[in-house]
Amino acid sequence: MSDKPLTGRATADRQPHSLAAWRRLGGGAGLALALKRHSPEAIIALIEAAGLRGRGGAGFPTANKWRFMRAGAEKAGPGACYLCVNGDETEPGSFKDRLLMEALPQQLIEGATIAAYAMGATEVIILVRDEYRAAAAALSRAIVEAEQTGLLGRDILGSGFDLTMRVHASAGRYIVGEETALIAALEGERPVPRHRPPYPAVSGLWGRPTTVNNVETLSAVPSIVEHGAEWYQGLSHTNEGGTKLYGVSGCVARPQLIEAPMGTTARELFDLCGGIRQGRALFAFQPGGGATAFLETAELDVPLDFAHTKRAGSSLGTGALIVLDDHACPVAAIGRHMRFYARESCGLCTPCRDGLPWVAKLLDTIEAGKGTRGDIDLLHQHVALSGPSGRSYCDLNTGALTPLRSGLERFGDIFAAHLQGSCPVGRA
Amino acid sequence: MSLSPAIRTAIAQAAAHHGGPKAAMLEALKLVQEAEGWVSDAHLKEAAEALGVTTAEIDSLATFYSQIFRSPVGDTVILLCDGLSCFLCGGDAVRDAVMSRLGIGFGETTPDGKFTLINICCVGGCDLAPVALVGPERKLVGPLTADDLDALIGGAR
Ligand code: SF4
Ligand code: FES
């Protein structure tokens, strides 16, 4: 079996396979095994033993999430229960789920079907961001093919398990990727986050038990069922199971997606990308997408899994590494992120709706060499008052301020130098 | 102009598919936009009537989602990524080139109605940065250089 269970069957041109071709490549084996040989509880135990943690950013143990759902479904009694697949990938620097949905729709459908069986869901809705038209088309086609061949619908593979699946194409808003906002979006509400509790596993879509899982998480499931927990654990360099789809972008020679053992280091990943581009030197990198704290040369050998990255002062997030070289101004970089998050605020709470645009403006002023010491003090103050958590309704605001907090801590001298009207790092 | 019977049927089908009229509001907006290019007040009202929801309800979505256009757009919409990965790979130069070539800024349409330029981030093409999504298929193009843009715009013209 491939040591790349997530992407091993993708073609170079990212064209999706037909169901027949997918089967010839060995696809479908996990689902058949799951439905014929395992009870739902046994699958959850397998996922637990494999050490699979959610790949959407939070890294929550997948098996626990599925258990909450089973408990919720039992308590709620007869009626529909939902698995929502989060394909709303919009975080700056993240481009992993796009490949999984575009090139390998059958793998995701199979993973979602096994997951639904294990957690007791009766309906799967795959929410795909509007900009991923090719992904939505590939998934829709693959769902129809699966329905026609008895892999979806009534009595799947003669197991007595029924499941429907559909694609919901969103219309462009980052906040839709937030768990409760995603549920609101599917109900046709304005997609703003909802209060938890009640947690979705108790009362989610249409008030029924609901689980939201990331595309990459579910895409890993079929191979775990097929080859076992021990095999999956063995793929990893650390005690967090499996492989990770790392996306390296920014100032490397060859930006790319790399499926590598969980716990691969940034040094190894950058080497695979041909190193820092144009013979320049590394300045800093974000290990897990736009909302993660910066790391530097000293952290190049940190195993990039959830625990180690956290210990190093950042987080694995989505595994989207954004690389800044020694010509990339961190003030400008943070400003870019801030403009994105400001634009994407859902508007529910003031620190986010009004605070982020204001922070973005201050950063622009500082970047342009027109800032004052007072501006930098204000940024410090804003970060201290708004974070680290709990002061706004969802994580967008705190996530947005993470690179700013980290930048002020690590690159204070560069912020200060901008007050003199010069950038010691220079423009990318 | 009012909505065609085909769109009205499709809206009704969407209500069945998505589990009710409210859940189908976004789909209805997209159907209108696909046919008309954008969502005018008149069409918004008709879509609301077709679903049996209020105009305010459906407008609460129309004004929230960035890919629902509540004012006219050009024949070709160019969504240019202004995210950090694209910036680090020279996105600003591409932005400046496309703006000067088209003579418009973000959120604007060329006077001949051919192009609308919108900023967006991140479109999941960071490995091909800097990138744009072009046209109704939202086709991903990149890595873009200022030179490529002429071809891109010329090709669509
Ligand atoms: S933090 Fe921002 S995105 Fe989250 S609920 Fe508040 S305003 Fe909305
Ligand atoms: S930042 Fe431009 S595609 Fe990701």
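Checking each residue in the range A:103-135 for being within 14 Å of chain B (Cβ to nearest Cβ), closer than 25 Å to A:Leu157 by Cα and part of a helix (DSSP H, G or I) picks out only A:Ala103. If you check A:Ala229, A:Ala220 for being more than 14 Å from chain B (Cβ to nearest Cβ), closer than 18 Å to A:Thr62 by Cα and surrounded by fewer than 23 Cβ atoms within 10 Å (Cβ to Cβ), only one passes: A:Ala229. Contact map, the range B:28-51: residues that are under 14 Å from B:Thr63 (Cβ atoms) paired with residues that are among the aromatic types (Phe, Trp, Tyr), Cβ distance under 6 Å, separation 6+ or inter-chain. Pairs shown: B:Trp38/B:Phe69.
Scanning the range A:281-312 for residues being within 20 Å of the chain's Cα centre (by Cα) and in contact (Cβ under 8 Å) with a residue 60 or more places away in the chain gives a total of 14. In the range B:58-91, of all residues being out of contact with any helix residue (DSSP H, G or I) (no Cβ under 7 Å at 6 or more places or on another chain), open to solvent by 30 Å² or more (accessible area, probe 1.4 Å) and more than 8 Å from every other protein chain (Cβ to nearest Cβ), the one that is farthest from A:Leu186 (Cα to Cα) corresponds to B:Asp75. Screening A:Ser18 with (1) buried (at least 16 other Cβ atoms within 10 Å of the Cβ); (2) touching a residue at least 24 places away in the same chain (Cβ under 8 Å) gives one miss only, at (1). Filtered by the rule that a residue be touching a residue at least 24 places away in the same chain (Cβ under 8 Å), assigned to a strand (DSSP E or B) and open to solvent by 30 Å² or more (accessible area, probe 1.4 Å), the range A:235-263 gives A:Leu257, A:Pro261. With a requirement of 2 or more residues that are among the charged types (D, E, K, R) and open to solvent by less than 50 Å² (accessible area, probe 1.4 Å), the helices (runs of 4 or more DSSP H) lying completely within the range A:321-428 that satisfy it span A:330-344.
Looking across A:Arg9, A:Arg55, A:Arg98, one residue alone is within 23 Å of A:Pro261 (Cβ to Cβ) and in contact with a Leu (Cβ under 6 Å, 6 or more places away or on another chain). It is A:Arg9. Scanning the range B:31-57 for residues that are outside any helix (DSSP H, G or I) and within 12 Å of chain A (Cβ to nearest Cβ), which turns out most open to solvent (accessible area, probe 1.4 Å)? Going through the qualifying residues, I end up with B:Val53. Of the residues making up the range B:16-30, those that are part of a helix (DSSP H, G or I) and either surrounded by fewer than 23 Cβ atoms within 10 Å (Cβ to Cβ) or facing chain A (nearest Cβ under 7 Å) (or both) are B:Ala16, B:His17, B:His18, B:Met25, B:Leu26, B:Glu27, B:Lys30. Of A:Arg129, A:Arg166, A:Arg194, all but one fail to be basic (Lys, Arg) and open to solvent by less than 10 Å² (accessible area, probe 1.4 Å); the exception is A:Arg129.
Taken as a whole, the range A:57-74 holds at least one residue that is under 17 Å from the mean Cα position of the chain (by Cα), part of a loop (DSSP other than H, G, I, E, B) and in contact (Cβ under 8 Å) with a residue 24 or more places away in the chain.
Would you be able to tell me the number of residues in the range A:169-179 that are open to solvent by 10 Å² or more (accessible area, probe 1.4 Å) and either more than 19 Å from A:Thr318 (Cα to Cα) or within 16 Å of ligand 2 (Cβ to nearest atom) (or both)?
Residues of the range A:169-179 open to solvent by 10 Å² or more (accessible area, probe 1.4 Å): A:169, A:173-174, A:177-179.
Then drop every residue that is not either more than 19 Å from A:Thr318 (Cα to Cα) or within 16 Å of ligand 2 (Cβ to nearest atom) (or both), which leaves A:169, A:174, A:177.
Result for the range A:169-179: 3.
Tell me yes or no: at least one residue of the range A:75-87 is open to solvent by 10 Å² or more (accessible area, probe 1.4 Å), under 14 Å from A:Tyr132 (Cα atoms), within 16 Å of ligand 2 (Cβ to nearest atom) and not β-branched (Val, Ile, Thr).
The first filter runs over the range A:75-87 and keeps only residues open to solvent by 10 Å² or more (accessible area, probe 1.4 Å), leaving A:75-80, A:82, A:86.
Retained after the next criterion (residues that are under 14 Å from A:Tyr132 (Cα atoms)): A:86.
Filter once more, so that each one left must be within 16 Å of ligand 2 (Cβ to nearest atom): none.
Looking for residues that are open to solvent by 10 Å² or more (accessible area, probe 1.4 Å), under 14 Å from A:Tyr132 (Cα atoms), within 16 Å of ligand 2 (Cβ to nearest atom) and not β-branched (Val, Ile, Thr), one finds none in the range A:75-87, hence no.
Residues in the range A:136-176 that are facing chain B (nearest Cβ under 9 Å) and part of a strand (DSSP E or B): A:Arg166, A:His168, A:Ala169.
Can B:Ala132 be described as out of contact with any strand residue (DSSP E or B) (no Cβ under 9 Å at 6 or more places or on another chain) and away from ligand 1 (no atom under 16 Å from the Cβ)? No; evaluated as a whole, the condition is false for this residue.
If you go through the range B:92-139 and keep only what is away from every other protein chain (no Cβ under 11 Å), open to solvent by 20 Å² or more (accessible area, probe 1.4 Å) and either basic (Lys, Arg) or in a helix (DSSP H, G or I) (or both), you end up with B:Arg95, B:Asp96, B:Ala97, B:Met99, B:Ser100, B:Arg101, B:Lys114.
Considering (1) more than 16 Å from ligand 1 (Cβ to nearest atom); (2) over 11 Å from the mean Cα position of the chain (by Cα), the lone condition that B:Thr63 does not fulfil carries the number (1). Of the set (1) away from chain B (no Cβ under 14 Å); (2) under 25 Å from the mean Cα position of the chain (by Cα), all apply to A:Lys361 but (2).
With respect to A:Gln278, determine if the residue is open to solvent by 40 Å² or more (accessible area, probe 1.4 Å), in a helix (DSSP H, G or I) and at positive phi. Yes, satisfied.
The values are calculated or read from the model by the stated rules, or taken from the named source; none is laboratory data. Keep in mind it's a predicted model, so treat the numbers as computed, not measured. Cβ atoms come from the backbone with ideal geometry, glycine included; neighbour counts cover every protein chain shown. Remember, those area values only see protein heavy atoms, side chains included, never the ligands or the DNA or RNA. Shrake-Rupley method; radii C 1.70, N 1.55, O 1.52, S 1.80 Å.
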